[in-house]
Each structure stands twice: as C-alpha cells, then as structure tokens.
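Every number in this text was worked out from the coordinates using simple rules, so none of it is lab data. Model, not experiment: these values are computed from the prediction. With ideal geometry, Cβ positions are generated from the backbone for all residues, glycine too; neighbour counts draw on all protein chains shown.
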Amino acid sequence: MSTIADNIAKVRARIREAAQASGREFSSVGLLAVSKTKPADAVREAFACGVADFGENYLQEALAKQLELADLALTWHFIGPIQSNKTKSIAEHFHWVHSVDRLKIAERLSAQRPAGLPPLNICLQVNVSGEASKSGCAPEELPSLAAAVTELPNLRLRGLMAIPEPTEDPAEQHAAFARLRQLQEALNPALDTLSMGMSHDLEAAIAEGSTWVRIGTALFGARDYGQPTHS
Ligand SMILES: *Cc1c(COP(=O)(O)O)cnc(C)c1O
C-alpha cells in the first residue's frame, strides 16, 4: 500500500472506532481530506481510495489543483480565512465554504454564486476559544449572523465550524466541541452539519457530534510551508 492509502485506512479505522464508542454510524461522519500545500497527485491517490471531499485554504493553490484534477468528480470545500476580494472565485469554484464568519462575506458569496449552480453550502465559523483565537464570529453574534445568512438566496446554511485552540487535554477538547454542538442546538436543531475535529482531536470531535472531520497531516503527512504556493 502507498503511504496515503495506508494513512486513509488508519484514519478510517480511527473514525470507525470513535463513532462506535459513541453509538454513532460510521457513515454519519464525513472525511474531509485537507490537501493544502499538497500536490494534485496526492489528491488523485486519495480519490483512488474513495475519498471525494477535499478542503483547501489558499485560493490560487486550490484553483490550480482543481484545473489539474478536472477529470475527477471531486467536491471542494473552502476552509481558510476569506478576504473580500476572493469571494467571487470561491463562489464560482467551490461546493462548500466552512469559514464564513461575517455577513459581508456571506452577502458577497450569495451575490456572486453563478446562476445555474446549486446553492453554496455554508458553515458559520465560531470562535469557541475566546481571546485565544481571532477567527470565527463570537458566540453572541451567531444568532443574528445565522438569521441573515438564512435569508440569502444562493447560500444554504448547513451548520457550524470551529477550530479550537490546540490542546492535548481530552477534557478541553471535548469541552470546546460540546460548546459548538450546544450553540448549534440552540440556534436550530434542524441544521445537519458540525465541521469539527482535525488530525489530533478527531476522536473528541466525533464523540461530540462532528459530521465532518477535516484531516490533513494524518492523511498526507506534515506540511512544508517553505514553498511559495500560498495566495
Ligand atoms: C489545515 C487545516 C486542517 C487540517 O489540520 P491537520 O491538523 O493537518 O489535520 C483542518 N482544518 C482547517 C481549517 C485547516 O486550516
């Protein structure tokens, strides 16, 4: 087996075990492969193992990869911070955006979503770590942001996303993910998506209800930020 195939098998085993431990179906937890900084060939290899959802943070890098991989039926998720001048391209080239944290960005994505494409799937990114984190809307702002996003014609609000402060303490991991789940339940129990959990904390996230774990390192290895692939 290739390293990527081997890693996918290991991550799937972790997801299966975590799901089982909390009485959930394996199929209720989506595997979002985070391919940022990794070459198109790595995506191709993961796709050959049945992974079809890929997450990217850097627009120019993502667009180049999408072009190279146009022959594959992939679902692309934008998961990075969003500047206003990138919304048009994101609205045109992605199926999901997990990192919407202010109304201006949502309005632009809706206005710029091309006619003929289905509504763009949206997760609102919430800051569940307080002072320690700068990205994500404050929990207090979430109800008004969600209400406004729901009104936008070309977006479909699916749920919430968070990137808690990294910690190795399982109790702290659980607390942050539980917070996101509780915010979602208070907001609208009909929302079907909780995007939470990364390579180091997917078990805690699944125990707290994650429906997308966003996994980079555990699938593709450590990232090298020395290359000028960012935008
Ligand atoms: C890079 C990234 C991930 C993947 O993190 P790993 O620790 O490599 O699994 C997940 N989510 C977001 C938003 C990221 O930027």
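Worth a mention:
- Residue count for segment 101-111, restricted to those that are surrounded by fewer than 24 Cβ atoms within 10 Å (Cβ to Cβ) and out of contact with any Cys (no Cβ under 7 Å at 6 or more places or on another chain): 7
- Residues (among the hydrophobic types (A, V, I, L, M, F, W, C), within 19 Å of the chain's Cα centre (by Cα) and loosely packed, with under 15 Cβ neighbours inside 10 Å) located in segment 118-139: A138
- Those helices (runs of 4 or more DSSP H) of segment 159-231 in which at least 2 residues are of a type in the set (D, E, K, R), considering only elements entirely within it, cover 170-187.
- Residues satisfying the stated conditions in segment 140-158, i.e. buried (at least 19 other Cβ atoms within 10 Å of the Cβ) and outside any strand (DSSP E or B): L142, L145, A146, V149, L152
- Matching option when the condition is away from the ligand (no atom under 16 Å from the Cβ) and of a type in the set (A, V, I, L, M, F, W, C), among L202, L187, L180: L187
- Lone unmet requirement of (1) more than 14 Å from I215 (Cβ to Cβ); (2) surrounded by 19 or more Cβ atoms within 10 Å (Cβ to Cβ); (3) of a type in the set (A, V, I, L, M, F, W, C) for A40: (2)
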